[in-house]
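Heads up, the thing below is written out as structure tokens.
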Amino acid sequence: MAPFAAPALKNKGILYTSIFQIILGSVAITFGSFSLERVCELGYIAQGIWAGSVIVLAGIFGIIAYCKESKGWVSHEIETYMWTSAVSILVAAALVTLETVAYTFTYIDCTVPIRECDETCLNYHRYLMATGEFLQAACIGAVVVGARTLRKDKCDIGVPYKRFTTDV
């Protein structure tokens, strides 16, 4: 490696958080599809499907950033991954909020003896709420990993450290 070339550091954190986002986003899409098919409370919004899709997209951007990072520092891809993960934090928060409301409405239906209780929908809402919480944690981790990687990119450009001195 040339003395002034940028170091190529394979950041495994980007890869791991990306894979975690893709897996959990796929789980959210699956449960959202089941909830939509079962016609659960607020299922017509399809919050599991659109939230999972946004987060899977962020994970795909992370894998692209990881693959391109081996050729040197590619800060645009890492920034894209970081910002889509930041938006995904809000999307996951919306998923948790909507599923909490849907769970509450379904639970109220279960407490009234006249109404029919759909235990399967209650479970779907529980699963989507838990998935949303894990998605928030994964996206926060992705933003932190992306920011640390970008910080290293900006600070460590491969130039030998030279202390500023004043010669008298």
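Per-residue answers, yes or no, for (1) surrounded by fewer than 17 Cβ atoms within 10 Å (Cβ to Cβ); (2) of a type outside the set (S, T, N, Q); (3) assigned to a helix (DSSP H, G or I); (4) modelled with pLDDT of 90 or more:
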{"site": "K10", "(1), (2), (3), (4)": "yes, yes, no, no"}
{"site": "Y16", "(1), (2), (3), (4)": "yes, yes, yes, yes"}
{"site": "Q21", "(1), (2), (3), (4)": "no, no, yes, yes"}
{"site": "S26", "(1), (2), (3), (4)": "yes, no, yes, yes"}
{"site": "S35", "(1), (2), (3), (4)": "no, no, yes, no"}
{"site": "C40", "(1), (2), (3), (4)": "no, yes, no, no"}
{"site": "V54", "(1), (2), (3), (4)": "no, yes, yes, yes"}
{"site": "G59", "(1), (2), (3), (4)": "no, yes, yes, yes"}
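Say we look at segment 90-147 and pick out the residues that are in a loop (DSSP other than H, G, I, E, B) and not basic (K, R); which of these is surrounded by the most Cβ atoms within 10 Å (Cβ to Cβ)? Full working, then the answer.
Here is the first cut: in segment 90-147, the ones in a loop (DSSP other than H, G, I, E, B) are 112-118.
Of the ones still in play, those that are also not basic (K, R) are 112-114, 116-118.
Numbers: V112: 9, P113: 6, I114: 5, E116: 7, C117: 14, D118: 16.
Restricting to residues being in a loop (DSSP other than H, G, I, E, B) and not basic (K, R), the top hit is D118.
Taking the conditions exactly as written (among the acidic types (D, E), at pLDDT below 55 and surrounded by fewer than 16 Cβ atoms within 10 Å (Cβ to Cβ)), does D156 satisfy them or not? Explain how you work it out, then say what you get.
Details: among the acidic types (D, E): yes; at pLDDT below 55: yes; surrounded by fewer than 16 Cβ atoms within 10 Å (Cβ to Cβ): yes.
The answer is yes for D156.
List the number of the failed condition for F4; all other conditions in (1) surrounded by fewer than 16 Cβ atoms within 10 Å (Cβ to Cβ); (2) modelled with pLDDT of 85 or more hold.
The number of the failed condition is (2).
The values are calculated or read from the model by the stated rules, or taken from the named source; none is laboratory data. Only a predicted model underlies this, so the values are computations on that prediction, with no experimental measurement involved. Every residue, glycine among them, receives a Cβ derived from its backbone with ideal geometry; neighbour counts consider all protein chains shown.
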